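For reference, the structure is listed below as structure tokens.
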Amino acid sequence: MITFLSYRVLNEFIMKNPSLENKKDQRDLQDVTHKIVDAIGAIAGSSLEQTTWLRRNLEVKPSPKIMVDGTNLESDVEDMLSPAMETSNITPSVYSVHALTLLSEVLAHLLDMVFYSDEKERVIPLLVNIMHYVVPYLRNHSAHNAPSYRACVQLLSSLSGYQYTRRAWKKEAFDLFMDPSFFQMDASCVNHWRAIMDNLMTHDKTTFRDLMSEYCDSQCSVFLVQYSLLACTSLF
């Protein structure tokens, strides 16, 4: 697709021209980057569907399992994309996984290069929109969603390395970690999550306290349930 090609061309241009002397040219580059990343994000969300009339309530569409071996994310995507490109009947999941993979590969570094230190705040709305498409994939632990899950966790891991991005993903990452089904993932995702949680806990004093609070509350709830069951049993 032309959008994928534009994204790669943009990345190559930024790698060869890390800074532009003309401020207007730099601002134009930022605007172009914003538009292309938004377009890639929309493609990434093409395998999602609304479950209610609320825009933010998205879930992964049921689809056939995409067979990958899990050892090399990029080669997995290329292997399943290339034969599909030869036909006109391309499933949305092929495009969305490819888009997520492209984002996971270069987005964090690309934005850091395009937006200078005094312009990092402009990155947050863009990342919030990307996370709108990423989080539903990370909530889904089904087998057919595995390629999307791996790409999304790789993307989140790369973003977490840049502290100015925290406001775009902090709450979502914490909520995902507290989900009871959190550990239902491919082994290849563990290191990415370890990096995410390390970046989350290391640079924020309140996050670990919140984690302990949630853990204690859940343990207290279990204790109360067990105590209530014992009390009911004793009555009979």
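Read-outs throughout are calculated quantities, based only on the coordinates presented, and are distinct from any laboratory measurement. Keep in mind that this is a model prediction, so the values were computed, not measured. Please note: Cβ atoms are built from the backbone with ideal geometry, for glycine as well, and neighbour counts cover all protein chains shown.
The stretch 130-192 and the stretch 1-32 have their alpha-carbon centroids 27 Å apart.
Modelled spin-label separation between residue 202 and residue 12, with each label point placed 7 Å from Cα along the Cα-to-Cβ direction: 3.4 nm. For the pair residue 53 and residue 186, label points projected 7 Å from Cα toward Cβ lie 3.9 nm apart. Sorting 176-182, 150-156, 43-49 by average packing, meaning the other beta carbons within 10 Å per residue, from highest down gives 150-156, 43-49, 176-182. Cross-link partners for residue 24 among the lysines, with Cα-Cα distance under 24 Å and sequence neighbours closer than 8 places in the same chain left out: 16, 35, 120.
For 115, 13, 174, the sequence from fewest to most other C-beta atoms within 10 Å is 13, 174, 115. Would you calculate the separation in nanometres between label points at residue 141 and residue 194, each defined as 7 Å from the Cα along the Cα-to-beta-carbon direction? Modelled inter-label distance: 2.0 nm.
Each of the peptides 14-27, 130-143 was scored by the mean count of other Cβ atoms within 10 Å over its residues; in descending order, highest first, they stand as 130-143, 14-27.
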